[in-house]
Amino acid sequence: MCGIIGYLGGREATPILMESLKRLEYRGYDSAGVAVLEQPTAGQAIRTSVTKSEAKVDMLIEKLEANMPSGKLGIGHTRWATHGKPTYINAHPHTDCHGKIFVVHNGIIENFAELKAELEAEGHEFPSETDTEVVPHLIEKYYKGDFLAAVRAALKRIKGAYALAMFSSEDPELLVGARLNAPLVVGLGEKEYYIASDITAIIPYTKRVLVLGEGEVAAVTPLGAEVSTLDGVTVKSKVVHVDWDVAQAQKGGYDHFMLKEIHESDDAVANAMRGRLTDDGSVSFREFDVPDEQLRDITDVLLLGMGTSLHAAMIGEYVIEDWAGIPARAEDASEFRYRRPTVGNKTLDVVITQSGETADTLVALHQARERGALSVAVTNVIASSAARDADGAIYLHSGPEIGVASTKTLLAHTVSLFLLALRLASVNGRVSLERRQELVEALRALPEQVRMLLEREEEIFALADKYSGYRNFMYAGRGLGYTVALEGALKLKEISYVHAEGTSGGLLKHGPIALLDEQFPVVAICTVSATKDKMVSNVHEIVARNAPVLALVTEGDRSLDGVATDVFVMPAVEEAASVILNTVMLQLFAYRIGVKLGQDVDQPRNLAKSVTVE
Ligand code: F6R
């Protein structure tokens, strides 16, 4: 759960590493470091300059600006600690006993303890507590004058997950990258090359990337990048052209990435539909092009995800059952992977992961596939592990999401699942043409409805300001509104550190209601749905316990006037569309409370954008 970057080319490496690390900070940000191979001046031996900081990248940048190493080859790292605390000594890059080999790493080396014991017995010394440090020492052990061969020999000994960028001062024109169960791309510039955890880090420099496969090694020299297996067999990698631009990855005038990304929700919703939906509700997915007969055979749908993506999975569960009439279940991937899952070869396994790299989701995907399920990854990242490992992919096309909290990608996930439900419903004939047309109309109206809601930002912020003094919140909803409640609560707690929990309206009486008093407000999702009247009854019960209520209601519905403390009026839309609008409203509400409380909403404490370890 770290960001890595490597550069080899004709320009000064340090400023490039600094900039790239800034863009990678969303992957982890508890400490950072760079190693730059310095140009030797006449008569001097080649040397590597290492600069580290035990805090965020900004502190590293300050140090580098004060003392800028000069060289054309370097590697950098921003860390999210797994083994060993975020200290100076544990910050990457790590090196061997002689300070010649330098390594940055993302992932976890599962057998590091036994490798470390073996190497220590042979005289290697390990100043840090990290698992990573075994890598340079193992390479040192196998080094017989050929750095690449030593890297391959070392990596064959390693179990677990790694994305690595490495160099040796003995081989000053070689930068090596390698990956296993962790993402890594090689950027191809004009006579210059990059190795990075993902594309976001390098888009200002190049839009052409090679995506490394599992267990592959990239050897980058001034002559080009060559990819091979650990056995040295050359691999012909595909060059992908990425159409993101630099401005997309920057804040675009907003105070925070999170706010900018919420404001991109209308586009995210539109992009998830683009080119996929016809007027009569037929849906096609280019990278998940499964014949109707095969889909007609599907007996059940399993939706897997974590965090916000699990909430998207729950939305998928509701609409697939409702529209397509196929049994569907949303599962926490981290639990699913340790159960004895009942999945068969007529199951459709839908994995929901914006990053495409969430470790638990990937393992659960592999397990469902092993049992013969047809699988599809709904993801924002082209050629991510989930997209490559599943039978097909439904890409969100949302552009990069830098804020750690998922916002626009959840909306794109939701729309994608609506489309998938429609696709299943149209092949099995469960939904009439008229109903499909109604749903298409509702979906097509969404981007404009989201835009209009975003224009009401000040109204939402005023409500958030009013509620920002409370230390506890309950979010309650029913049906699709229950998923909105769970997500509203997650968003608030993760970016403001205010306690919040989500409950179904039905569950409320079975425990959570005991918490309520005048200091414990409830956000009640009371927009149009089959169970709206039951939510209204819930609000009466809540008010009777003196808890303040902020209710989301549909325009024209006056049933909570004078009952709820505050009402926020939503347009009259299809229930499915209301999930999108209610979610955007609650994202803005949570954002404002987080900002009001002075929290770092883009990089909340203890979290990272992509959780690539269990
Ligand atoms: C919350 C959030 C996380 C992610 C979760 C899964 O705002 O972002 O809960 O949803 O870590 O991530 P992906 O979707 O990348 O698998």
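The values are calculated or read from the model by the stated rules, or taken from the named source; none is laboratory data. Here the structure is a predicted model, which is why all the values come from computation and not from measurement. Glycine gets a Cβ as well: all are built from the backbone with ideal geometry, and neighbour counts include every protein chain shown. These accessible areas exclude ligands, DNA and RNA; they are computed on the full protein's heavy atoms, side chains included. Shrake-Rupley method; radii C 1.70, N 1.55, O 1.52, S 1.80 Å.
Just a few scattered comments:
- Summary of the geometry: segment 270-311 and segment 322-348, compared by the centres of their Cα atoms, lie 15 Å apart.
- Protection proxy ranking, peptides 353-361, 442-450, 147-155, average beta carbon neighbours within 10 Å, highest first: 353-361, 147-155, 442-450
- Dividing the summed -39500 (n - 2.57) terms of all DSSP H runs of n ≥ 4 by the residue count of the chain sets its mean residue ellipticity at 222 nm at -10500 deg cm²/dmol.
- Segment 161-196 and segment 1-73 have Cα centres spaced 14 Å apart.
- Straight-line cross-link reach from Lys100 at under 18 Å between alpha-carbon atoms covers these lysines, not counting any fewer than eight positions away in the same chain: Lys52, Lys72, Lys141, Lys144.
- Of the whole protein surface, Leu119 contributes about 0 Å² of accessible area at a 1.4 Å probe radius.
- Modelled FRET efficiency - R0 41 Å, Glu122 with Asp332, Cβ distances, 0.05 increments: 0.40
- Summarising the overall dimensions of segment 3-253 from its C-alpha atoms, the Rg and Dmax are 16.7, 56 angstrom.
- Residue pairs, from the table Lys408/Lys493; Lys156/Lys609; Lys408/Lys534; Lys260/Lys408, whose Cα atoms sit over 20 Å apart: Lys156/Lys609; Lys408/Lys534
- Take the Cα of Tyr88, step 7 Å toward its Cβ, do the same at His540, and the gap between the two points is 6.6 nm.
- Each other residue within a Cβ distance under 12 Å of Ala161 adds +1 if Lys or Arg and -1 if Asp or Glu, for a net charge of -3.
- Accessible surface ranking that places the most exposed of Lys534, Lys493 first, with a 1.4 angstrom probe: Lys534, Lys493
- At q = 0.20, 0.22 Å⁻¹ the log10 of I(q)/I(0) for segment 389-458 amounts to -1.01, -1.10, computed by Debye summation with a single uniform scatterer per C-alpha, solvent ignored.
- With the cut-off at under 17 Å, measuring from each backbone N in segment 533-556 to a point 7 Å along the Cα-to-Cβ line of His499 picks out 547-548.
- The order of His397, His311, His241 by accessible area, most exposed first and with a 1.4 Å probe, is His241, His397, His311.
- Going by accessible surface with a 1.4 Å probe and the largest first, Ile382, Ile46, Ile158 read Ile382, Ile46, Ile158.
- Accessible-area value, Tyr162, 1.4 Å probe, nucleic acids and ligands omitted, Å²: 0
- Label-zone membership for segment 587-614, site Asp465, 7 angstrom Cα→C-beta point, backbone N under 16 Å: 589-598
- To the nearest 10, the accessible area of Glu458 is 120 Å² with a 1.4 Å probe.
- For segment 409-481 versus segment 84-143, the spacing of their alpha-carbon centroids is 48 Å.
- Take the chain with all the other protein chains still there, run a 1.4 Å probe, and you get 37 Å² of accessible area per residue.
- Axial C-alpha extent at least 20 Å, average Kyte-Doolittle at least 0.0 - helices from the chain (DSSP): 408-428, 480-496, 575-596
- Relative packing of peptides 504-510, 180-186, 604-610, 78-84 - highest average C-beta neighbours within 10 Å first: 180-186, 78-84, 604-610, 504-510
- Along each principal axis, Cα extent of segment 189-288, largest first, Å: 51, 39, 22
- An ellipsoid equivalent to segment 492-614, defined through the eigenvalues of its Cα gyration tensor, has semi-axes of 27, 18, 14 Å when rounded to whole angstrom and sorted largest first.
- Extending 7 Å from Cα along the Cβ direction at Gln437 and again at Arg339 yields two label points whose distance is 4.1 nm.
- Hydrodynamic radius of segment 524-595 by the Kirkwood approach over all distinct alpha-carbon pairs: 12.6 Å.
- For the chain, the fraction of alpha-carbon pairs in successive 10 Å shells from zero, as %: 3, 17, 25, 24, 17, 10, 4, 1, 0
- Across segment 259-452, the fraction of Cα-Cα pairs farther apart than 20 Å, rounded to a whole number, is 50%.
- Full-stretch length increase - Lys144, Val290 - with 0.36 nm per residue and alpha-carbon distance subtracted: 47.5 nm
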